[in-house]
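Reading through the structure tokens given below for one structure.
Every number here is computed from the coordinates shown, using simple stated rules; none is lab data. All values derive from a computational prediction rather than experimental measurement. With ideal geometry, Cβ positions are generated from the backbone for all residues, glycine too; neighbour counts draw on all protein chains shown.
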């Protein structure tokens, strides 16, 4: 089974889409198997992260902004790819450091996520985007 999730972002930050994935698995009457998610862009990432305390997302965003500041920051003067704006090359760097695909076991049609875990798209660009995440569920035989 395959589908694509469309996620509208409002700029840099984490966007949870666990419920959409769980809903799709439920609609497809998934049993046991492996779910693979893959983001089809080079300036955002996918994460499994805590979904109980929103401060976790705030801190993650702040950490990566500090780790890889915009291209117009003096510490980033070595960057060559700046044509698409000061957030573009840093977004590519962040996407190179974080996963762009996830594998999640599915048991009885439910993702085997921990109690406080959710699936997030981590948008690294400043402006809103429409992101596509390809999903593939492979059932055990």
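GNM, the chain, Cα, under 10 Å: largest mean-square fluctuation among 100, 80, 48?
80
Taking neighbour counts of Cβ atoms within 10 Å as a proxy for exposure, in what order, fewest first, do 24, 116 appear?
116, 24
Please compute the contact order of the range 63-141 in relative form: average sequence separation of alpha-carbon pairs under 8 Å and at least six residues apart, divided by the residue count, as a percent.
It rounds to 23 percent for the range 63-141.
Rank 38, 17, 83 by mean-square fluctuation in a GNM of the chain with C-alpha springs under 10 angstrom and give only the top-ranked residue.
Evaluated over the chain, the most mobile residue of the options is 83.
Could you check the spin-label model distance between residue 103 and residue 24? Points 7 Å from the Cα along Cα→Cβ, value in nm.
Here the modelled spin labels are 1.8 nm apart.
Rounded to the nearest 500, what is the chain's calculated 222 nm mean residue ellipticity when only DSSP H runs of at least 4 contribute -39500 (n - 2.57) each, over all residues?
-7000 deg cm²/dmol
Can you put 61, 94 in order, fewest other beta carbons within 10 Å first?
Ranked by crowding around the Cβ, least crowded first: 61, 94.
Fully extended, how many nm does the chain gain between residue 73 and residue 139 (0.36 nm per residue separation, minus their Cα-Cα distance)?
The span from residue 73 to residue 139 would gain 19.0 nm if fully extended.
In percent, how large is the relative contact order of the range 14-118, given Cα pairs closer than 8 Å and 6 or more residues apart?
Once divided by the residue count of the range 14-118, the mean separation gives 48 percent.
Largest first, please: the extent of the C-alpha atoms of the range 48-88 along each principal axis, to the nearest Å.
For the range 48-88, the Cα spread along each principal axis is 39, 18, 13 Å.
For the range 1-116, take every pair of Cα atoms, bin their distances at 10 Å starting from 0, and report each bin as a whole percent.
12, 38, 30, 15, 5, 0
Contour minus end-to-end for residue 53 and residue 130, with contour as 0.36 nm per residue of separation and end-to-end as the Cα-Cα distance?
That works out to 25.2 nm of additional length.
For residue 65, put the label point 7 Å out on the Cα→Cβ axis and report which residues of the range 17-44 keep their amide N under 18 Å from it.
From the range 17-44, the list is 44.
Please work out the Cα center distance from the range 99-113 to the range 7-70, rounded to the nearest Å.
Centre-to-centre distance over Cα atoms comes out at 13 Å.
Connecting C-alpha atoms closer than 10 Å in a GNM of the chain, tell me which of 86, 128, 99 has the biggest fluctuation.
Evaluated over the chain, the most mobile residue of the options is 128.
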